[in-house]
1. Check whether at least one residue in the stretch 157-166 is open to solvent by 20 Å² or more (accessible area, probe 1.4 Å) and either within 15 Å of the ligand (Cβ to nearest atom) or in contact (Cβ under 8 Å) with a residue 40 or more places away in the chain (or both), and report yes or no.
2. Applying the selection to the stretch 70-92, what residues are within 14 Å of Leu14 (Cβ to Cβ) and open to solvent by 10 Å² or more (accessible area, probe 1.4 Å)?
3. For Glu127, are the conditions met, namely being within 16 Å of the ligand (Cβ to nearest atom) and under 29 Å from Gly211 (Cα atoms)?
4. Restricting to the stretch 178-236, give me the number of residues that are open to solvent by less than 10 Å² (accessible area, probe 1.4 Å), over 24 Å from Asn386 (Cα atoms) and not in a strand (DSSP E or B).
5. Condition first: closer than 27 Å to Ala368 by Cβ and part of a helix (DSSP H, G or I). Now tell me which residues in the stretch 143-170 satisfy that.
6. Here is a check on your reading of the model: is Gly138 out of contact with any strand residue (DSSP E or B) (no Cβ under 7 Å at 6 or more places or on another chain), in a helix (DSSP H, G or I) and within 16 Å of the ligand (Cβ to nearest atom)?
7. Could you list, in sequence order, the residues of the stretch 14-59 that are in contact with a Phe, Trp or Tyr (Cβ under 8 Å, 6 or more places away or on another chain), open to solvent by 10 Å² or more (accessible area, probe 1.4 Å), under 24 Å from Leu108 (Cβ atoms) and not β-branched (Val, Ile, Thr)?
8. Which one of these does Ile251 not meet: (1) open to solvent by 50 Å² or more (accessible area, probe 1.4 Å); (2) under 24 Å from the mean Cα position of the chain (by Cα); (3) of a type outside the set (Asp, Glu)?
Amino acid sequence: MTQHIDSDRLWQSLMQLAEVGSTPKGGVCRLALTDLDRQGRDLFVTWCRDAGLSVRVDAIGNIFARRDGSDPNRRAVAMGSHIDTQPTGGKFDGNFGVLAGLEVLRTLADAGIRTAAPLEVVVWTNEEGSRFVPVMMGSGVFSGAFSLNEVLSQQDLEGLTVADELDRIGYAGSQIPGEVPNGMFDAYFEAHIEQGPVLEAHDLSIGVVPGALGQRWYDIVVTGSEAHAGPTPMNQRHDALLAASKIVQRINQIGSDFGPHGRGTVGFMQVMPNSRNTIPGAVKFSVDLRALSDDVLAAMDLALKDCCATLMKNDPLLTIAANQVVYFKPCHFDHECIRLVRDAAETLGFPHMDVVSGAGHDAVYLSAVAPTAMIFVPCKNGISHNELEEVLQEHLAAGANVLLHAVLARAS
Ligand SMILES: [Zn+2]
C-alpha cells in the first residue's frame with residue numbers, strides 16, 4: 001500500500017504555527033530571534049517531542065529533530081526549511097518545508113515504519129535576513145559559507161547582536177554548526193512554495209527543481225552635471241537620470257536576451273538632487289542579474305559593462321561606476337536526489353515539471369555539503385513575501401507526499 005501523509009494534520013499545524021505572529025491581513029510577522037520566533041520554535045519543538053523525536057540545537061540556533069533508523073551506521077536523510085518570516089510575510093514560505101518534514105515523520109511513526117537511515121527535520125535560523133544580515137544565516141554557517149563568530153556579532157537596527165538574541169530566546173545551542181551524528185547528512189530535501197507563477201500557469205501541483213539561479217548584484221552610480229531645467233538647451237545637457245534610464249532599459253533587455261533563465265532587474269534608485277527643475281546630476285541604483293550558468297552571468301556582466309562604456313563614449317562628461325556587491329554561484333542540485341523527487345511525483349500520479357529556483361534557499365547552501373534537491377508547490381498568483389500568500393491544501397499535501405516518498409526511497 002502506498003503511504004500518504006495526513007493532509008488535514010499538516011494543514012492544521014501550518015495554521016496553528018501561523019497564529020504565532022499573525023497579522024490582521026492574514027499574514028505572519030515572525031522575525032528571526034524575536035519573542036515570536038521563540039514561540040514558533042517552542043511550538044515546533046513541543047510537536048517534535050510529542051512525536052518521539054530527539055531534539056538538538058547548534059550554536060547558531062538551527063534546530064534538528066531526529067528519528068533514529070534501524071542501521072546505526074547510516075547517515076541521516078534530512079528535510080527542512082525555515083520558520084522566520086518577512087515583516088509582512090505569509091503562512092507558507094519556509095514553514096511548509098519544516099512542517100512537511102514533521103508530517104513525514106509523524107506519518108512514519110503512525111504506520112510503524114522504521115527506515116534504515118535516521119531521518120531529521122531541520123529549522124534553519126534566519127533564512128529571511130530581514131532583521132539580521134546575511135540571509136540564509138543558519139544554513140550558511142552550517143555549510144561553512146560564513147564563520148560562526150562573524151555571524152554571531154551581527155547587529156540589528158537597534159544594535160542587538162545575534163549572539164545576545166539567541167541567548168535571550170534560549171536557542172544558543174552547544175553543538176558546533178556542521179557537526180552531525182555519523183557525519184554530514186546523506187541527503188537533504190527541502191519542500192517549498194514556488195514563489196513564482198510558473199506551476200500555476202501550467203496547472204501543475206509539483207515542481208522538480210534542478211537548481212537555483214546564480215546572482216550578480218551591482219551598485220551603479222551615474223554622474224553627470226546638475227543644471228537649470230530652463231536655460232540649458234537639450235543638446236548641452238549631461239543628464240544622469242537619462243543615462244540611468246537607458247541602463248534600466250538595457251538591463252531589462254539583457255534579462256530577455258539570455259532567456260529562458262536570464263533575469264535583469266533594477267529595483268532601487270535615488271536621484272540627486274531630486275528636484276523638478278534641476279537636471280539630475282547623479283543617480284544611484286541597483287542592478288540584479290541572474291542566470292543558471294556562470295558563463296551566461298559573465299556574458300550578462302559584459303553586456304552591462306558595454307552599455308556603460310557606450311554611454312560614456314557618447315558623452316565624455318558622464319561617468320558611470322558599476323560596482324559588483326554580491327555574487328551567488330549558480331547552484332545545480334544532485335542528479336540522484338532530483339531523480340527521487342521526480343520518481344515520487346510519477347509514482348503518486350502528480351503532474352509535474354522542472355522549475356528552476358529564481359530565489360535563494362537554505363537548500364542552496366546545503367547543496368555544497370550534501371546531495372540536495374527541492375520540491376516546489378504552486379502558490380496563488382505566484383505571490384510570496386506578502387501577507388496575501390496563499391497555497392491550496394491539496395498542493396501542500398502533494399508536496400509533502402512527494403517529500404515522504406523521496407525520503408523513503410533514499411533512507412531505505
Ligand atoms: Zn523561504
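1. We begin by selecting, within the stretch 157-166, every residue open to solvent by 20 Å² or more (accessible area, probe 1.4 Å); these are 157-161, 163-164.
Still in the running and either within 15 Å of the ligand (Cβ to nearest atom) or in contact (Cβ under 8 Å) with a residue 40 or more places away in the chain (or both): none.
Checked against the condition, which is being open to solvent by 20 Å² or more (accessible area, probe 1.4 Å) and either within 15 Å of the ligand (Cβ to nearest atom) or in contact (Cβ under 8 Å) with a residue 40 or more places away in the chain (or both), the stretch 157-166 yields no hits at all.
2. Matches in the stretch 70-92: Lys91 only.
3. Details: within 16 Å of the ligand (Cβ to nearest atom): yes; under 29 Å from Gly211 (Cα atoms): yes.
For Glu127, the condition - within 16 Å of the ligand (Cβ to nearest atom) and under 29 Å from Gly211 (Cα atoms) - is met.
4. Final tally of qualifying residues: 1.
5. Leu148, Asn149, Glu150, Val151, Leu152, Val162, Ala163, Glu165, Leu166
6. Values: out of contact with any strand residue (DSSP E or B) (no Cβ under 7 Å at 6 or more places or on another chain): yes; in a helix (DSSP H, G or I): yes; within 16 Å of the ligand (Cβ to nearest atom): yes.
Answer is yes for this residue.
7. Filtering the stretch 14-59 down to residues in contact with a Phe, Trp or Tyr (Cβ under 8 Å, 6 or more places away or on another chain) leaves 14, 17, 32-33, 38, 41, 55-58.
The next check asks that each one be open to solvent by 10 Å² or more (accessible area, probe 1.4 Å); those that pass are 38, 55-57.
Next, only the ones that are under 24 Å from Leu108 (Cβ atoms) stay: 55-57.
Arg56, the sole residue that qualifies.
8. In the conditions (1) open to solvent by 50 Å² or more (accessible area, probe 1.4 Å); (2) under 24 Å from the mean Cα position of the chain (by Cα); (3) of a type outside the set (Asp, Glu), Ile251 misses (1) alone.
The values are calculated or read from the model by the stated rules, or taken from the named source; none is laboratory data. Since this is a predicted model, take the numbers as computed values, not measurements. All Cβ positions, glycine included, derive from the backbone under ideal geometry; neighbour counts span all protein chains shown. What goes into the accessible areas is simple: the full protein's heavy atoms, side chains included, and nothing from ligands, DNA or RNA. Shrake-Rupley method; radii C 1.70, N 1.55, O 1.52, S 1.80 Å.
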